[in-house]
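Encoded as structure tokens, the structure appears first; notes follow it.
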Amino acid sequence: MSAIQVLPDLLVSQIAAGEVVERPASVLKELIENSVDAGARAITITLDEGGMRRVQVEDDGEGIAREDLPLALARHATSKIRSLGDLEGVATMGFRGEALASIASVSRVSIASRTGQAPHGAAITAEGAQLGEVSPAARAQGTTVSVADLYFNTPARRKFLRTEATELGHCDEAFRRVALARCDVAFTLKHNGRVSRHLRAQALAERAAQLLGEELVAASVPIEARSGGLALSGLAGLPQAAKPRADAQYFFVNGRFVRDRVLAHAVREAYSQLLHGERQPAYVLFLELDPRAVDVNVHPAKTEVRFRDSRAVHQFVKHALERALSPSAAEAPVSYASISASVSTGGMQQAFGLAQPVAAYSAFMGSALPPALPQAEKAPPLGYALAQLHGVYILAQNEAGLVLVDMHAAHERIVMEKLKRNLDAGAVQRQALLVPAVLIAEALDIATAEENGEVLERLGLELAASGPNELSVRAAPAALAAGDIPALTRDVLREIREFGGSEALNARQNELLATMACHAAVRANRALTLAEMNALLREMEETERSGSCNHGRPTWYQLTLADLDKLFLRGR
Ligand SMILES: Nc1ncnc2c1ncn2[C@@H]1O[C@H](COP(=O)(O)OP(=O)(O)O)[C@@H](O)[C@H]1O
Ligand SMILES: [Mg+2]
């Protein structure tokens, strides 16, 4: 082994660049964050060849003083913190003072800038960290940093760059992360001379609609929660906005995009009742907390954080999300209608008052208005049933327009939530059966029933062997008594046999109850009376999570009058 030597500065920067400057997208992230830190109101990004040829970021921020230009490119030089105390409470995106130095060590950088006070601008260039002279430059207040030919002096790393399309994709993602976090800043993104995105300063819903799609925003609920120094805001996608891939998940902590295990877990738990299988939730969430309660200096790219009290953060995020995602249907339609309205018309359109359509219909139909719509009281959120369609869907009229309900899915959820409430309170409500239901059972079933009598009773089932291979059900869950009791019993016994009685009740409670609920729910093709349909609508309004069935599919859908007008090309 050779003697120990201190490494030359350039090499140190190049080593550091390995951590921070992984690809053009990482350069872009660092430059935009610097502009944001400088208080920019408008930022223009220019990319050439997916950023491999050039990444340039221009802002109208506070600028860099002429004499500071060489320092901006020096390692460990920053204007953002001065002490450990500052570091612990850091509120800017940057603070390590090494991004520009690292970038300059592996590319050709030029900076032109002008502060508010300076009579004119100044510029500096650097090539592989070799600084040029500071020269005068004509420009308005703000800064332009241009990074050309990334890795021109480190060919080994250049080989790791992918195709133009791939690198552009990464750049676009880096851009989305900052642009979502800073809706108050205007952005323009150009690639190979063409403008690909143009965003004005706007509200989050509008920005998210532009960056992630209107469908996603229309199928999400706004969140606004606050408790003990923690605040969560943003948009949480409903089950119908879920995707097969986790590519619409944005979590920001104090404005910084992060991938954090504690937060990811809290989100997964909050969605676990709504999404089954491999569906991935979509969300844009912002957690704000005292900067001293979170350490962002875990990794140079700062996408990892450490919370001082991660349990409290976990609980808060989980509960805030659960509450926002599982309002009874009574609260939900308002959010659906108001968000989609604000997206399509920029928030100008007011929600419809009930009086307006009613008046329109009265004028149109004379006195033939059906009495089903009592006008004095406030109409219930899901409205009143009009009819049943093909034995599958309920059609109802509410304030906003037409409501379509998948009656089987909705009923299944109602029964499941009822069973869950029962169980939380001790045991599922039982109903004695006048005539016991009898099922053919194997010895194993009978043994399982006998060994797990207590668990079964908590689930609302009272079983007894009534012959060598016969079980009789004497009592069944009240909410399910009209269903197929033998099939239900067989399913429950199978789950208990597979997982053990107490395990099935604890870890697999939701699956177990979902299985049970499935046997009770009104089957498709059963004709319901209007009164029955209205009763179902009222129950949905009172049931938590009734917006989606036990398998995560939506249970109802709102078609607003505006949607219908659009369908019929009726101008307003
Ligand atoms: N767009 C910009 N506007 C104003 N100042 C900037 C800009 N970009 C960089 N700077 C200055 O250069 C310094 C070094 O930037 P950087 O290497 O990214 O480190 P950090 O952001 O961690 O401070 C910053 O602290 C800031 O003073
Ligand atoms: Mg920086």
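The values are calculated or read from the model by the stated rules, or taken from the named source; none is laboratory data. Model, not experiment: these values are computed from the prediction. Every residue, glycine as well, gets a Cβ built from its backbone with ideal geometry; the counts of neighbours run over all protein chains shown. Just the protein is used for accessible areas: all its heavy atoms, side chains included, with ligands, DNA and RNA removed. Shrake-Rupley method; radii C 1.70, N 1.55, O 1.52, S 1.80 Å.
Data table
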| quantity | calculated |
| --- | --- |
| Packing-based order for 252-260, 2-10, using average beta carbon neighbours within 10 Å, highest first | 252-260, 2-10 |
| Under-5 Å amide H pairs with Lys190, H placed in peptide plane, nonlocal only | Ile45, Thr46, Leu47, Ser196 |
| Set of aspartates and glutamates near Lys418 by C-alpha distance (under 13 Å), chain-local residues within fewer than 8 positions excluded | Glu539, Glu542, Glu544 |
| Accessible area of the stretch 189-335 belonging to carbon and sulfur atoms, whole % at 1.4 Å probe | 47 percent |
| Accessible area (Å², per residue) of the stretch 194-243, counting only protein heavy atoms and a probe of 1.4 Å | 46 Å² |
| Counted charge near Asp290, where neighbours are those whose Cβ lies closer than 15 Å (Asp, Glu -1; Lys, Arg +1) | 0 |
| Relative intensity, log₁₀ I(q)/I(0), of the stretch 413-453 from a Debye sum that treats every alpha carbon as a point, q = 0.29, 0.31 Å⁻¹ | -0.91, -0.92 |
| The stretch 5-63: Rg to Rh, with Rh as the Kirkwood radius over Cα pairs | 1.09 |
| Protection proxy ranking of 465-478, 115-128 - average other beta-carbon atoms within 10 Å, highest first | 465-478, 115-128 |
| Stretchable slack from Arg490 to Glu173, in nm (0.36 nm times residue separation minus alpha-carbon distance) | 109.1 nm |
| Rounded to 10°, Cα long-axis angle of helix 509-520 versus longest principal axis of the chain | 40 degrees |
| Per-pair calculated FRET efficiency, R0 = 22 Å: Arg259 and Ser227 via Cβ, rounded to 0.05 | 0.40 |
| Residues with amide H under 5 Å from that of Ala441, placed H, sequence gap 5 or more | Glu470, Leu471 |
| Kirkwood Rh, Cα atoms: Rg over Rh of the stretch 428-521 | 0.92 |
| Residues listed by number, the stretch 259-298, amide nitrogen under 20 Å from Ala203 label point at 7 Å toward C-beta | 283-287 |
| Lys, Arg +1 and Asp, Glu -1 on Cβ, resulting dipole of the stretch 1-97 about Cα centre, debye, nearest 20 | 180 debye |
| Local electrostatic count at Ser466 - Lys and Arg +1, Asp and Glu -1, tallied over other residues with Cβ under 13 Å | -3 |
| Rounded tilt (10° steps) of 332-345 against the dominant C-alpha axis of the chain | 40 degrees |
| Cα-projected label distance for Leu395 with Glu278, points at 7 Å along beta-carbon direction, nm | 3.8 nm |
| Largest-first ellipsoid semi-axes for the chain, taking √(5λ) over the Cα gyration tensor eigenvalues, angstrom | 58, 32, 18 |
| Sorted peptide list for 80-90, 435-445, criterion being average Cβ within 10 angstrom, highest first | 435-445, 80-90 |
| Net lengthening on full extension, Arg538/Ser196 (0.36 nm per residue, minus Cα-Cα) | 118.4 nm |
| Cα gyration tensor shape for the stretch 176-251, rounded if a/c is under 1.5, else prolate or oblate | oblate |
| Distance in nm between pseudo-label sites at Leu404 and Asp563 (7 Å out along the Cβ direction from Cα) | 0.8 nm |
| Lys159-Phe499 FRET efficiency (beta carbon distance; Förster radius 45 Å; 0.05 resolution) | 0.30 |
| Rounded if a/c under 1.5, otherwise prolate or oblate - the stretch 7-136, Cα gyration tensor axes | rounded |
| Asn510-Glu450 pseudo-label distance in nm [points 7 Å out on the Cα-to-Cβ vector] | 3.6 nm |
| Principal axis dimensions, largest first and in whole angstrom, of the stretch 447-572 by Cα | 71, 32, 22 |
| Nearest-0.05 FRET efficiency for Glu67 and Lys243, computed from C-beta distance (R0 45 Å) | 0.35 |
| 21 Å Cα-Cα threshold exceeded, pairs from Lys29/Lys302; Lys29/Lys190; Lys243/Lys420; Lys243/Lys302; Lys29/Lys80 | Lys243/Lys420; Lys243/Lys302 |
